[in-house]
Amino acid sequence: AANNCYGYSTGTGDGLNVYQVASGCYGYSGGNGNGVQAGVANTCSGYANGSGFGISASTADNCNGSSASGNDLYATNNAENCSGASGGSGAGLSANTANNCHGYSNSGTGLFAVSSANGCYGASNTSGVGLNVSAGSAIGCSGYSASGSGIDAYIANSSVGVSISGTAENISYKYNMP
């Protein structure tokens, strides 16, 4: 476990790599490594200057990940109260389940969740999908895309999608929505 740590890498390695739990940590990768790589990340921040992840963890809670061009915050299981931002085509935030999360991408998907997104917001500045849960459910979510889909979801409940020149909502089953 690592508590209140700082890690920095100028090459392709991870800024901070923790096998189990990282709490209150910050990691920076100047190359294509991950800012923070951990089994569980709690209240961590990570930045990747290249194509790596800002934060990559099995579970992330109260974390912030950002990347110049890659994916920002990636949680293979759950992301809770997290945010991610990508300056390139990577996803702002990716997780199996996302709860109360925010994701932004310049040209990729703002927020991507495999099974469910609850109380989340995703935005894409260009043609990417704002919030994508195409194989799962979005509950109480919103998504924005300049020219792509605002929200892609299999099931959506009490959610809204907005797109300037694309498709606002691409949803198979809508509940409590116009």
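What the table shows:
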read-out: Shape metrics for region 1-69, restricted to C-alpha atoms - Rg then Dmax, Å; value: 10.0, 29
read-out: Principal axis dimensions, largest first and in whole angstrom, of region 65-159 by Cα; value: 32, 27, 18
read-out: Centre separation in Å (Cα based) which lies between region 1-66 and region 102-151; value: 23
read-out: More than 20 Å apart - percent of Cα-Cα pairs taken over region 30-89; value: 12
read-out: Length gained when the stretch ASN32-GLN20 is fully extended (0.36 nm per residue, less Cα-Cα span); value: 2.1 nm
read-out: Potential lengthening between SER115 and TYR6 on full extension [0.36 nm per residue; Cα-Cα distance subtracted]; value: 36.0 nm
read-out: Most fluctuating residue given options TYR74, TYR19, TYR144, as computed from a GNM of the chain linking Cα atoms under 10 Å; value: TYR19
read-out: Karplus-derived HN-Hα couplings along region 124-138 (A = 6.51, B = -1.76, C = 1.60, θ = phi - 60°), whole Hz, x at Gly and Pro; value: 10, 6, 10, 9, x, 7, x, 10, 10, 9, 5, 10, x, 10, 10
read-out: Heavy-atom accessible surface of region 1-109: percent carbon and sulfur, 1.4 Å; value: 44
read-out: For the chain, convex hull of alpha carbons as volume per residue, Å³; value: 68
read-out: Relative contact order (%) - criterion: Cα under 8 Å, at least six apart; region: region 42-178; value: 13
read-out: For ALA153, distant residues with modelled amide H under 5 Å away; value: VAL133, ASN170, ILE171, SER172
read-out: Per residue, in Å², the accessible surface of region 21-126 once ligands and nucleic acids are set aside, probe 1.4 Å; value: 30
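The values are calculated or read from the model by the stated rules, or taken from the named source; none is laboratory data. The structure displayed is predicted, hence computed values, not measured ones. Accessible surface areas use protein heavy atoms only, side chains included; no ligands, DNA or RNA. Shrake-Rupley method; radii C 1.70, N 1.55, O 1.52, S 1.80 Å.
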